[in-house]
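The values are calculated or read from the model by the stated rules, or taken from the named source; none is laboratory data. Quantities reported herein were computed from a predicted structural model and do not represent experimental measurements. Note: ideal-geometry Cβ built from the backbone for every residue, glycine included; neighbour counts use all protein chains shown. Note: areas computed on protein heavy atoms with side chains; ligands, DNA, RNA excluded. Shrake-Rupley method; radii C 1.70, N 1.55, O 1.52, S 1.80 Å.
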Amino acid sequence: MDMNRSGVVVRRGRPAGPRTIGLICAVAAAGALLSGCGNSDDTSSPQKSAAPSRAVPATAASPSGSLSADQAQRKALVPQAKVDYGQALKSAIAAVPASEAIAAELKGTPSSPYWDTVVATTDGTAYSVRVDAVSGKAQKPQPQSDDPDDKQELAARLGKATVTAQQAAQTATEKTKGTVTTIELGDADHGNDTVAWTVGVVTTDDWNETTYEIDATNRKVLWMHVDQD
């Protein structure tokens, strides 16, 4: 790993991502995962960001102008999602009273895109909610793990997180202008009991994906990675 001029750790190769518990939707294999969400519509006053202020520029397209399989998949899927991550999470939260958003991932096919979201109540009870990425309609919530240890771990994580999904996404899109297609609350990659949001942003000029790990207590960018595959 390297450090850029803003002091942000820049990772080479695939990002490790947060160490999430089993009840949260697992990270798909490379090429199946599409990260990112739209611009936040959260109207609450954002916390002062501790993240570096310099935006990370989009990486130029390959000289040949050809797209990799992952880039082509993003290009085909992302424009078809008329509902962004924020709207999807609102629909999911509405389906589970007194819940908080902990994950969203854009999935499906260009003809049938959807958001795979996860919300949880303060006692650590998690539910997966599939939200149509065109209509915004949420399907019936599906309860996740009933394991007491899992619930306790998730409840503790929710208690530590003072930064919302929308604020984390705003921090990421201030650095890289694009569409957020994944966001997830988990343990920071470097450990030390730090809770962090992992946010993936797809840039539509080159269809690369930039992933940020953002401290869920102060919005500081812990590391970033540009996937040019």
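Would a scan of the stretch 66-86 turn up a residue that is over 24 Å from Thr203 (Cβ atoms) and in contact (Cβ under 8 Å) with a residue 24 or more places away in the chain?
From the stretch 66-86, those over 24 Å from Thr203 (Cβ atoms) are none; that's our starting set.
The answer is no; no qualifying residue exists.
Looking at (1) modelled with pLDDT of 50 or more; (2) farther than 24 Å from Glu153 by Cα; (3) in a loop (DSSP other than H, G, I, E, B), which is the only condition Asp70 fails?
(3)
Taking the stretch 93-108, which residues are closer than 28 Å to Arg74 by Cβ and open to solvent by less than 50 Å² (accessible area, probe 1.4 Å)?
Hits for the stretch 93-108 are Ala95, Ala101, Ile102, Ala103, Ala104, Glu105, Leu106, Lys107, Gly108.
Considering the stretch 131-161 alone, what residues qualify as being open to solvent by 30 Å² or more (accessible area, probe 1.4 Å) and in contact with a Pro (Cβ under 9 Å, 6 or more places away or on another chain)?
Correct list: Asp132, Val134.
When the stretch 112-127 is examined, which residues are found to be farther than 16 Å from Pro97 by Cβ and under 17 Å from the mean Cα position of the chain (by Cα)?
Matches in the stretch 112-127: Pro113, Tyr114, Trp115, Asp116.
Look at the stretch 121-154 and say how many of its residues are of a type in the set (Gly, Ala, Ser) and in contact with a Phe, Trp or Tyr (Cβ under 7 Å, 6 or more places away or on another chain). Break it down into steps so the answer makes sense when it comes.
Restricting attention to the stretch 121-154, the residues satisfying the condition of being of a type in the set (Gly, Ala, Ser) are 124, 126, 128, 133, 135-136, 138, 145.
Of the ones still in play, those that are also in contact with a Phe, Trp or Tyr (Cβ under 7 Å, 6 or more places away or on another chain) are 133.
Qualifying residue count, the stretch 121-154: 1.
Answer yes or no: is there a residue in the stretch 103-122 that is in contact with a helix residue (DSSP H, G or I) (Cβ under 8 Å, 6 or more places away or on another chain) and charged (D, E, K, R).
No.
So which of Thr182, Thr171, Thr164, Thr210 is open to solvent by 20 Å² or more (accessible area, probe 1.4 Å), within 14 Å of the chain's Cα centre (by Cα) and at pLDDT 95 or above? Break it down into steps so the answer makes sense when it comes.
Working: Thr182 fails: open to solvent by 20 Å² or more (accessible area, probe 1.4 Å); Thr171 fails: open to solvent by 20 Å² or more (accessible area, probe 1.4 Å); Thr210 fails: open to solvent by 20 Å² or more (accessible area, probe 1.4 Å).
On inspection, the qualifying residue turns out to be Thr164.
I need a count of the residues in the stretch 173-210 that are within 15 Å of Ala81 (Cα to Cα) and in a strand (DSSP E or B).
Selection size over the stretch 173-210: 6.
Against the condition touching a Pro at 6+ places or on another chain (Cβ under 9 Å), of a type in the set (S, T, N, Q), open to solvent by 10 Å² or more (accessible area, probe 1.4 Å) and assigned to a loop (DSSP other than H, G, I, E, B), how does Thr217 come out, does it pass?
Numbers: touching a Pro at 6+ places or on another chain (Cβ under 9 Å): no; of a type in the set (S, T, N, Q): yes; open to solvent by 10 Å² or more (accessible area, probe 1.4 Å): yes; assigned to a loop (DSSP other than H, G, I, E, B): yes.
When the stated conditions are applied, Thr217 does not pass them.
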